[in-house]
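To start, the structure under review is shown below, and the notes come after it.
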Amino acid sequence: MIDPFNLTVDVVLSLIVIVGLLTTMAYMTWFERRVLSKLQARVGPNRVGWQGLLQPLADAIKLFFKEDIRPALADRLLFPLAPAISLFAALAVFALIPLGPTVNIAGAEIPLQVADLPVGVVYLLAASSLGVYGLVLGGWGSGSKYSLLGALRAAAQVVSYELILGISVVSVTIVSGTLSLGGIVEAQSRSAWYVLLQPVAFILFMIAAIAETNRAPFDLPEAESELVAGYHTEYSGMRFAMYFIAEYVAMISMSAVAATLFFGGWSFPFLPGGPWWLLIKMTFFLFLFVWLRATLPRLRYDQLMRLCWAVLLPIGLINIVVTAIVVAAIG
């Protein structure tokens, strides 16, 4: 039987996470534009509100009132459904992130985590891979050759780099001995951050995470100079905004996952743990996403595939074998 108190706590925590994610996403666009402007020696958005802080609100109003155009050749079902799938998948990943230690409110122990599944890592990989369905269906349902080419690139890219992502996470689960994200954070608080024990897995994870979110230098599914805007060329108004939100939420979620798997999540050595540590670590990874966009040129498609199958996959498999041997030897 479902406990009404626990159900209420889960609903409230879920709402807080969703509202927090959408608010963070909105100001991530401001953060990215300001950082890019500094890196490119220009001003950046500074007209709407103090230091341009109301620019995300102005962008949201603009997109909300823009005309929603549906191409004549677009699929009636898939075209409107695809952006929603991408957004749902991006939000679902964050549900398992441990935000902080268990807190006591009015005598009740409340974990700061929407759900702590015993197979959380498996759920994480499954949820992150769902996002590509939104891109493929959007590209296919648009009835445009540019959208279709972008969708094909997205499918090949995400399928390839999902494998690298999974291989990097396997090494972490071997070391921690658990598939629970909460358990992985606790294991790191008892020993050391896994970025120190598994540096190769961390590098593989970050490369795969950037490719999974279609960010530069792996933004080939959009590739403005070649495909106009790729899979979302034909989208406008709020449907375009949903793809936009999904991309930034996925970036935030991947930053949270990286902080959880390799940097101890909400814990910090020799200091009391709390959500603020997770927030600081996520900010570092979000800055890294922006920095790479401003620094690296886009790879060619053949270079992207060669990097995955000829370089990263063998390194990942060797890392798993070495990790398993060392863990078995140490016990």
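Some observations on this one:
- Within the option set Ala310, Ala324, Ala294, Ala246, being among the hydrophobic types (A, V, I, L, M, F, W, C), touching a Leu at 6+ places or on another chain (Cβ under 7 Å) and more than 24 Å from Leu39 (Cα to Cα) holds for one residue only, Ala246.
- Scan of segment 292-319 for residues that are touching a helix residue (DSSP H, G or I) at 6+ places or on another chain (Cβ under 6 Å) and crowded, with 17+ Cβ neighbours inside 10 Å, ordered by number: Cys308, Leu312, Gly316, Asn319
- Across segment 71-91, the number of residues qualifying as in contact (Cβ under 8 Å) with a residue 12 or more places away in the chain, open to solvent by 20 Å² or more (accessible area, probe 1.4 Å) and outside any helix (DSSP H, G or I) comes to 5.
- Test: residue in segment 190-203 that is under 18 Å from the mean Cα position of the chain (by Cα), modelled with pLDDT of 90 or more, within 30 Å of Leu296 (Cβ to Cβ) and not β-branched (Val, Ile, Thr): yes
- Matching residues, segment 96-110, being outside any strand (DSSP E or B) and out of contact with any Leu (no Cβ under 9 Å at 6 or more places or on another chain): Ala106, Gly107
- Just one of (1) surrounded by 14 or more Cβ atoms within 10 Å (Cβ to Cβ); (2) more than 24 Å from the chain's Cα centre (by Cα); (3) farther than 27 Å from Val159 by Cβ fails for Thr323. It is (3).
- Selection from segment 45-55 of residues that are open to solvent by 50 Å² or more (accessible area, probe 1.4 Å) and in a helix (DSSP H, G or I): Trp50, Gln51
Conditions tested, residue by residue: (1) surrounded by 12 or more Cβ atoms within 10 Å (Cβ to Cβ); (2) in contact (Cβ under 8 Å) with a residue 24 or more places away in the chain; (3) of a type in the set (A, V, I, L, M, F, W, C).
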position: Thr8; (1), (2), (3): no, no, no
position: Val12; (1), (2), (3): no, no, yes
position: Ile16; (1), (2), (3): yes, no, yes
position: Val19; (1), (2), (3): no, no, yes
position: Trp30; (1), (2), (3): yes, yes, yes
position: Leu36; (1), (2), (3): yes, yes, yes
position: Val43; (1), (2), (3): no, no, yes
position: Leu57; (1), (2), (3): yes, yes, yes
position: Lys62; (1), (2), (3): no, no, no
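- Qualifying residue in segment 225-242 (condition: within 16 Å of the chain's Cα centre (by Cα), under 23 Å from Leu125 (Cα atoms) and touching a residue at least 60 places away in the same chain (Cβ under 8 Å)): yes
- Residue within segment 210-217 that is over 13 Å from the mean Cα position of the chain (by Cα) and more than 18 Å from Ser128 (Cβ to Cβ) present: yes
The values are calculated or read from the model by the stated rules, or taken from the named source; none is laboratory data. Here the structure is a predicted model, which is why all the values come from computation and not from measurement. Virtual Cβ from ideal backbone geometry, glycine too; neighbours counted across all protein chains shown. Note: accessible area is taken over every heavy atom of the protein model, side chains too, but ligands, DNA and RNA are not part of it. Shrake-Rupley method; radii C 1.70, N 1.55, O 1.52, S 1.80 Å.
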